[in-house]
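Single-structure report; data block below.
The values are calculated or read from the model by the stated rules, or taken from the named source; none is laboratory data. Everything numeric here is computed off the predicted structure, so don't read it as measured data. No Cβ is skipped: glycine too gets one built from the backbone with ideal geometry, and neighbour counts run over all protein chains shown.
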Amino acid sequence: METVIDRKRVKLRRSGGSRAVTVPKEWLHRVGVDDDISEIEMILGKTSITLAPAQLDDDVDSIEAEPMFAAFLDFLVQSAAEHPETLRNAVDVFAEDEDLLPVSMRSTSA
């Protein structure tokens with residue numbers, strides 16, 4: 001979970017069929033949203049809505065840019081914490097499939 005730097009209660013206003021809030025200008029500047037930027041990214045989580053500077057198209061191809069990736073990692077951490085008996089040494093896991101790798105990429109320690 002990201003560290004909370006500041007908190008503010010704001011009013012939800014009607015805006016057509018949606019709702020709107022006013023985000024303080026200094027908060028936008030603090031996260032890199034300058035006055036000339038007209039779009040930000042809105043990310044829906046299980047219990048939160050996050051506003052973030054819109055990603056450049058170059059960054060979209062990475063899995064880390066996918067909103068569900070963070071949720072997936074959280075799931076893995078929670079699962080590992082709840083069921084540590086299911087964890088295995090990665091070396092052992094990959095050793096089972098080593099024959100699928102080209103000889104040049106196989107581990108030399110065996």
Reported set for the range 78-90 where residues are part of a helix (DSSP H, G or I) and loosely packed, with under 10 Cβ neighbours inside 10 Å is Ala81, Glu82, Pro84, Glu85, Thr86, Ala90
Please enumerate the residues belonging to the range 101-110 that are of a type in the set (A, V, I, L, M) and either assigned to a loop (DSSP other than H, G, I, E, B) or modelled with pLDDT of 80 or more (or both).
-> Leu101, Ala110
